[in-house]
Amino acid sequence: MTISTVGQLAVPVEFVHGDTTCGDVAALFHARPRLPSVVVAHGERLGVLTRDRFYRLTTDDAVPASSTLADPQVDAAIDWAALRLPASTPLSVAFRVARDRPIEQRYDDLLVDTPTGVAQVPVAQLFDVAAEGFAQQAEHDELTGLTNRGPFIARLTSACADANAGGRRVAVSIVDLDRLKPINDAFGHQLGDAVLVAVARRLSASVGPDDLVARIGGDEFAILSRPAHHVSPDIVADATGDRWRRAVATADPSLGPGTYTSASVGVAVSGTTADARSLLTAADRAMYRAKQAGGNRVVVQSGVEARYASTVLVADDGQPRMMYRPIVRVDTGRVDALLAEARWPRELIGRAVASRASDGADDDRVPAADRWTLHTVCADLLWFDDRLGSAAPASVNVPLSPAALLAAFDDAVIDALADAELPAHRLRLQIPSCADLDVLTSAEARLRRLRRYGVGLALDTVGTGSSCLHALSIVQTSRMRLDPALVAGMVTNPRDHDVVHMLAVLARGIGVEVTATGVDTEDQYTAVVGLGVDLVEGAYVGVPRERGALAELLAGEPCAPSS
């Protein structure tokens, strides 16, 4: 039952008369240990006497047990101005009124006037139910009652961690209504809202027990599902996407003529690795392709690999391992630097992902995943120097998590370099541009310190939103790394091509080198080189390798492009 009024929480009152002795009240409280208070009736007045206040008075002031509740000493313990509300008072109003009382009365029970007389509401229950209601409102869309974007992404992130640890694949569907604006324009927003509610109801009825439907925008819905391993991902994606499309297109007679709408559906299914951002981006792009093709159709992208969370990569031998991906300079075709990618054992993946995805930190300590990466990279650089001499990599890019940016990461970097006795320019920190701008701003002084110390900085995955461009004004960096989703789409999508071109021109204007990431095909390589990027990273120029295999590659430079 949904609780909306304070009267729904009312319980019978334990009345005592004002002439009742303190001894009788003490006996009552003793006999009923769960009774928090009694209501005192004295003439026309009603007051609340709490158990705690009664015992404090009788213990501290040594009031004789024979004293009556009307005695002056006991009167002081009774709240004769107790909060008294009509039973129809909305729960949220009752909560705020109770919360705003003086501190000494804030946790006293309330009196409620019901059709059958005065009842009582335990204030603890009022606060608990109100808190549950506020939490429900924060996590659910007010109009449709569906989960909203924040909890959906949290659930999706958890599903990705499970998939990376050997669980079922993850599928994300973006469902965008094709005709809501004409409906709003013709019939008004009230009927448009009714259409949204009806669509939400039909989508909810179409999903399985383990699926999750969310409203993530004005006329946009997202659905999380978990395909089984033994079924082809393309078949699953087509079938589920068409189910959502048909659910939206089903006419609702109660809404009247002219309210029919269809949907453009984009479905993304994870590959061997999964992360929430890559799947959402892929599903969103697929949905836009469906809309550009005329709407009322499904576009699928299967085998979407994780591109934004290197820590989700799996080490099957039970030990964390470090892999290195070559970063190749376009004008020479030689390896300019390496990108460190940590592989974590399956049993540690949940913790590793949590440390990367965290928006905050409990203290000033850098997350263990970041510290391990820093020290391992420094140790491996010494190993490369010993075996390759002048052919050793000049520097290594080390991704920092958003959680590390809230901690003393500058001390951690300097300590790792000092322990290995390496010059600072051998490390380049990759700063996540997706981090909250407040986090980047708070980290600015530490980044400035490292830059003066000689550590390089690269702004990661630029191009995913306006906040990333704003980050360029906060993080004074010598390199920026393009969002791999832009690179993946620029060959077929003119808008992605234009965005990459714009960013390359912007970077040249401010003296920043550009790395095109996720370059996996010859067409992508040709396209980014044609736009004047400085560096390239991706499967086309080199897959991740452990240090031994990479040393063999570096000894035989130049190495790019390769297949």
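Over the Cα atoms of the stretch 200-293, Rg to Rh with Kirkwood Rh, two decimal places? Display every interim value, and only then the final one.
Numbers: Rg = 14.0 Å, Rh = 14.3 Å.
Ratio of gyration radius to Kirkwood radius: 0.98.
May I ask you to list the residues of the stretch 401-424 whose amide nitrogen lies under 11 Å from a point 7 Å from Cα along the Cα→beta-carbon direction of residue 453?
408-419, 424
Carbon-plus-sulfur fraction of the accessible area of the stretch 140-180, 1.4 Å probe, in percent? It would help to have the intermediate numbers written out before the result.
Numbers: 730 of 1540 Å².
With neighbouring chains kept in place, the figure for the stretch 140-180 is 47 percent.
At R0 = 45 Å, how high is the FRET efficiency between residue 124 and residue 445 if r is their beta carbon distance? Nearest 0.05 is fine.
My answer for the efficiency is 0.50.
When the helix-only estimate is applied to the chain (DSSP H runs of n ≥ 4, each -39,500 (n - 2.57), divided by the residue count), what is the mean residue ellipticity at 222 nm, nearest 500 deg cm²/dmol?
My calculation for the chain gives -13000 deg cm²/dmol from helical runs alone.
I'm checking a number: the convex hull volume of the Cα atoms of the chain, normalised per residue, in Å³. What is it?
218
Given an 8 Å cut-off on Cα distances and at least 6 residues of separation, report the relative contact order of the chain as a percent.
That works out to 9 percent.
When DSSP beta bridges are limited to those with both residues in the stretch 445-550, what percentage is antiparallel, rounded to the nearest 5?
0
Any idea what the alpha-carbon Rg over 2.2 N^0.38 Å comes to for the stretch 69-108?
Working: Rg = 12.7 Å, N = 40, 2.2 N^0.38 = 8.9 Å.
Dividing the Cα Rg of the stretch 69-108 by 2.2 N^0.38 Å gives 1.42.
Suppose we keep just the DSSP beta bridges with both residues in the stretch 31-112; what percent of those would be antiparallel, to 5?
On the way: 7 of 9 bridges.
Counting only bridges with both partners in the stretch 31-112, antiparallel ones make up about 80 percent.
Quick one: if you stick a label point 7 Å off each Cα along the C-beta vector at residue 106 and residue 382, how many nm between them?
It is 5.5 nm.
Residues of the chain: accessible area per residue at 1.4 Å, in Å²? Walk me through the intermediate numbers first.
Details: 25190 Å² over 563 residues.
In whole numbers, the chain has 45 Å² accessible per residue.
Give me the net charge of residue 217's neighbourhood, meaning all other residues with Cβ under 11 Å from the Cβ of residue 217; Lys, Arg count +1, Asp, Glu -1.
Details: positive: 149, 215; negative: 141, 176, 219, 220, 284.
Result for the neighbourhood of residue 217: -3.
Can you tell me the FRET efficiency between residue 239 and residue 190 if r is taken as the Cβ-Cβ distance and R0 is 51 Å, rounded to the nearest 0.05?
Values: r = 35 Å, r/R0 = 0.68.
It comes out at approximately 0.90.
Hey, any idea what % of the stretch 489-563's accessible area is carbon plus sulfur with a 1.4 Å probe? Spell out each step's value before the answer.
Values: 1830 of 3510 Å².
Ligands and nucleic acids excluded, carbon and sulfur reach 52 percent.
Distance between Cα centroids, the stretch 41-55 to the stretch 68-112: provide it in whole Å.
10
The values are calculated or read from the model by the stated rules, or taken from the named source; none is laboratory data. All values reported here derive from a predicted model rather than from experimental measurement. Every residue, glycine as well, gets a Cβ built from its backbone with ideal geometry; the counts of neighbours run over all protein chains shown. Remember, those area values only see protein heavy atoms, side chains included, never the ligands or the DNA or RNA. Shrake-Rupley method; radii C 1.70, N 1.55, O 1.52, S 1.80 Å.
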